[in-house]
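Down below is the structure, laid out as structure tokens.
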Amino acid sequence: MEMQPSTQPAAMQEIETPPSSRRKWLKKLYTQRHIQIMALLGIAWMVIFNYIPMYGVIIAFKDYDIIRTIAEAPWAGLTHFKEFLQDENFVNVMKNTLGISLLKLLTFPLPIAFALFLNEVRSLRYKKAIQTISYLPHFLSWVVLGGILATWLSDVGIINDIFMALHIIDKPISFLAEPKYFWTIIITSDIWKELGWSAIIYLAAITSISPEMYEAATIDGAGRFQQMWYVTLPSIKATISILFILAVSGVLNSNFDQILVLRNSLNDSASNVIDYYVYYTGISSGRYSFSTAIGLFKSVIALILLLIANQVSKKLNDTSLF
Amino acid sequence: MGMKSKSKKMMMLLMAAIMVLSLAACGGGNNNATKESANNKAANTNTQETTEPAATPSADEPGWKSDTSPITFDWYLNFAWFPNKWGVDPTSQYVTKKTGVDINFIVPAGNENEKLNTLIASGKLPDFITLGWYEDGVKKMIEGGLVEPLNKLAEQYDPYFFKVADPDKLGWYTQEDGNIYGYPNSSSSPKDYEQYGDTYVSNQTFVVRKDIYEAIGSPDMRTPEGFVAALKAAQEKFPEINGQPLIPLGLHEFTATGNDSLEGYLQNFLAIPRQKDGKLYNRETDPEYVTWLKTLRQANQEGLLAKDIFIDKRAQMEEKIAQGRYFAMLYQRTDFAAQLGTLYQQDPNKIYIAVDGPANSKMDPPTLNGPSISGWTVTLISKDVKDKARAIKFLSYLMSEEGQKDLYLGEKGVSYDTIDGKDQFKPEAFDLMNKDRAAFDKQYGSSFTFWMMQNTNITQQWQPESVEPYKQLEDWTRGKTISVSEFDLIDPLANSDEGIILGKIKDLRSKTLPKLLMAPSEAEFDKIWADYIKKQEDLGLAKVQAFQQTKYEENKKKLGMQ
């Protein structure tokens, strides 16, 4: 009985705090209502186009037939996953996917270097011109570019003309017909197409660096390269980390458009990647469950890679996605 | 970029998860609801129509004449290349004026399978659907109950349908439930063969460039030795065409399932039988066929197969044909008709002509695929059709002689006239047809610009003599054309057990064919070949063959061949 008076206020306090914080939260929400509505649209879009379709992933575990509904399809367990792992194309497909993607990952520093050098260009007009020219190829679709490249790389194409004129090769090579050149073609054309475009985000990060830092560095006697190394790079470290983590998660994501337009029956042993395989078995042969299983397999590995990269980045330089 | 607050962190986690997982999210949604509503709708229109005081339809009277009020049907064509629209040209305008039916064609923008499967999965189809009889989609739509039985529609609304339909074709396309869901175009029954057989031509030709062929002394290319020697002679005498290297031999493109030229096509030239004593014959294993593949390997070793032929897609091939870059081609004549016309106008000497090509060791004439009862496409009417009566009536009209004449000759006075007592194309129309088919389609729209229900057996009475350079190619195939109806429709559905095996075998074939031709030595070829045959067996070829055998026997029964 004696305890009662003392406990009651305490309990009162406990009950009182949440409403007040909730009220605060609601008040905050109310003041932000216009912004919140805008955000809500985005969330709705995300739910409709990203979360609801995820329901379809379950067909990877079922024997789905397009004339029946997903719910009606009988469960198949992990059959499709097992089949993919035992598929005779599996080793080749994984080799090509990982090979091409890891090589693409190695080219990750190129746009950074390009952005750094571009940043050092003093003539504004020259810089703008270079920038525009370098990201122009980005706006060409791979479908168009594929046709152009096929012509350039054929045995009577411009690349052979140049190499012959420079005496690098003795007789014309049909580049797209040789599996051993395929990865090089993919990586080089990708750099050529996307270098300028990928540099934009770094350039943006560089512009946000305070000029005072450079002034301070100059006073301390730092040269241009030292400024680049000790001021610019550390300042955009966070941007680099985040983009790198995302790039790692995309390792299994070979550029489908590019592969589709440049592959052919002769370079198949170097050009058959997961994405193409999914397209071929799923869209062309109509084996939706099987190809969804492959897609899901790919996504799970991508998620694991993302988490690892994120952890490593957190440990090393304290920047991470989450 | 300091992500400090917790909510921001959560947001980033969420976004990352989405970026990764959205890749996996594919496949159709739950379409129960749509199906149900579609059914309800069908039921509604059903009741509406039955309550209408329908005049008792007569079998002799064309049903479409009873109602010519305006109506627009959506018509899905499973052919991404189809370039025309209804109502642009005088012929389709004439048909619309006559029948009241306007058509809105729906054509896939990209991969046809993708579009068709999406339509099927959504459970709601356009009014009419036209697709190749060989497509999986036909069976899926029938099994899924997405299409109307034509016989039921005809009984209820338009018995005239049975008057204009060919009973043999109806029999061929009768399903196990006794209903007919689709009617073919370009179809010729065994009876048609008896009647018109000597006029039939095949698409399959072996062609050479006339001037080069004559310059090397018009050699015999039927034997392996003669074939390789001719390619070699052509390459030596004409290493370049307009500054670019000559391509000695052209083939259809290599696809993910194989190569048309190097499979059935070559086997037809070698007159390899499709069956022996009532058993389907695995034509691929025939020694004559292997000999010729080895011949092509030899040709490659001697530098006579250009890399281009393994890489080029149809578009690149067409460009090179128009430049006359190939010496010889194992290629469908209809697939390069436009380019041939261009070449002919530039120089009638630098065209492609058909000559006797690869033959077996006994020098038997080729057995080329002629028109078959399956035809080319089938047209189905969807369960969701706007107006069942009008749809079946319009279909009957298109199938009837009147409809065939309207779409073939067009409107009288516009695209055809009675000249010398015979209905035929006006000379200026015929001239444009041969010179520029695309322009003809827009300006006249006749001669089956809209080929969905074309029946060439009916229209051949109005058909003009073909002209050079096309005539020579057609004439060459005469007498070498056989009916292969009973071998159609024997492949399993792609996602059935047998179908999956067949898919894998085709995938294997598409990878093996280039390897065989590129093999550095004959010993290497033999190794690849033995490996290929063994892998096929391991994949379960026997199961597929058993399936096909059963279907083949059913087909023979349907056609009364037993």
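The values are calculated or read from the model by the stated rules, or taken from the named source; none is laboratory data. The structure presented is a predicted model; accordingly, all values stated were derived computationally and were not measured. Counting neighbours? That spans all protein chains shown, and the Cβs are built from the backbone with ideal geometry, glycine included.
Quick notes on this one:
- All of B:Lys313, B:Lys307, B:Lys294, B:Lys320 fail the test of being under 18 Å from B:Pro514 (Cβ atoms), among the basic types (Lys, Arg), within 14 Å of chain A (Cβ to nearest Cβ) and buried (at least 18 other Cβ atoms within 10 Å of the Cβ), apart from B:Lys307.
- B:Lys383 touching a strand residue (DSSP E or B) at 6+ places or on another chain (Cβ under 9 Å), within 25 Å of B:Met317 (Cα to Cα) and either among the acidic types (Asp, Glu) or in contact (Cβ under 8 Å) with a residue 40 or more places away in the chain (or both): no
- Residue pairs whose Cβ atoms lie under 6 Å apart, sitting 6 or more positions apart in sequence or on different chains, and linking a residue in the stretch A:234-259 that is farther than 16 Å from A:Val278 by Cβ and assigned by TED's automatic domain parsing to the domain that holds A:Tyr276 to a partner that is surrounded by fewer than 19 Cβ atoms within 10 Å (Cβ to Cβ) and of a type in the set (Phe, Trp, Tyr), are A:Ala247/A:Phe108.
- Residue list for the stretch B:142-156, filter: within 14 Å of chain A (Cβ to nearest Cβ) and out of contact with any helix residue (DSSP H, G or I) (no Cβ under 6 Å at 6 or more places or on another chain): B:Ile142, B:Glu143, B:Gly144, B:Gly145, B:Leu146
Per-residue answers, yes or no, for (1) part of a loop (DSSP other than H, G, I, E, B); (2) on the phi > 0 side of the Ramachandran plot; (3) surrounded by 18 or more Cβ atoms within 10 Å (Cβ to Cβ):
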position: B:Gly357; (1), (2), (3): yes, no, yes
position: B:Ala391; (1), (2), (3): no, no, yes
position: B:Ala429; (1), (2), (3): no, no, yes
position: B:Thr459; (1), (2), (3): no, no, no
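- Just one of the numbered conditions (1) touching a strand residue (DSSP E or B) at 6+ places or on another chain (Cβ under 8 Å); (2) within 26 Å of B:Lys551 (Cβ to Cβ); (3) among the small types (Gly, Ala, Ser) is not true of B:Ala354: (2).
- Restricting the search to helices (runs of 4 or more DSSP H) fully inside the stretch B:56-162 and requiring at least 1 residues that are farther than 28 Å from B:Thr174 by Cβ gives B:90-99, B:112-122.
- The residue list A:Thr132, A:Thr97, A:Thr107, A:Thr69 contains one member that is in the same structural domain as A:Ser285 (by TED's automatic domain parsing) and over 27 Å from A:Asn272 (Cβ atoms), which is A:Thr132.
- 3 or more residues within 13 Å of chain B (Cβ to nearest Cβ): qualifying helices (runs of 4 or more DSSP H) within the stretch A:184-276: A:237-249, A:256-262, A:268-271
- Filter result for the condition that a residue is modelled with pLDDT of 85 or more and either within 13 Å of chain B (Cβ to nearest Cβ) or closer than 28 Å to B:Asp136 by Cβ (or both), over A:Tyr55, A:Tyr30: A:Tyr55
- Every residue from the stretch A:203-220 that is under 22 Å from A:Phe114 (Cβ atoms) and hydroxyl-bearing (Ser, Thr, Tyr): A:Thr207, A:Ser208, A:Tyr214
- Every test in (1) aromatic (Phe, Trp, Tyr); (2) touching a residue at least 40 places away in the same chain (Cβ under 8 Å); (3) within 12 Å of another protein chain (Cβ to nearest Cβ) is passed by A:Phe84 save one, and that test is (3).
- Selected residue (only one of A:Leu195, A:Leu246, A:Leu252 is in contact with a Pro (Cβ under 8 Å, 6 or more places away or on another chain) and either modelled with pLDDT of 90 or more or within 29 Å of A:Ser299 (Cβ to Cβ) (or both)): A:Leu195
- Checklist (1) outside any loop (DSSP other than H, G, I, E, B); (2) under 24 Å from the mean Cα position of the chain (by Cα) applied to B:Tyr344, failing item: (2)
- Against the conditions (1) farther than 18 Å from B:Leu398 by Cα; (2) surrounded by 22 or more Cβ atoms within 10 Å (Cβ to Cβ); (3) outside the structural domain of B:His252 (by TED's automatic domain parsing), B:Gly144 satisfies every one except (2).
- Number of residues in the stretch B:188-238 that are touching a Phe, Trp or Tyr at 6+ places or on another chain (Cβ under 6 Å) and assigned to a helix (DSSP H, G or I) equals 2.
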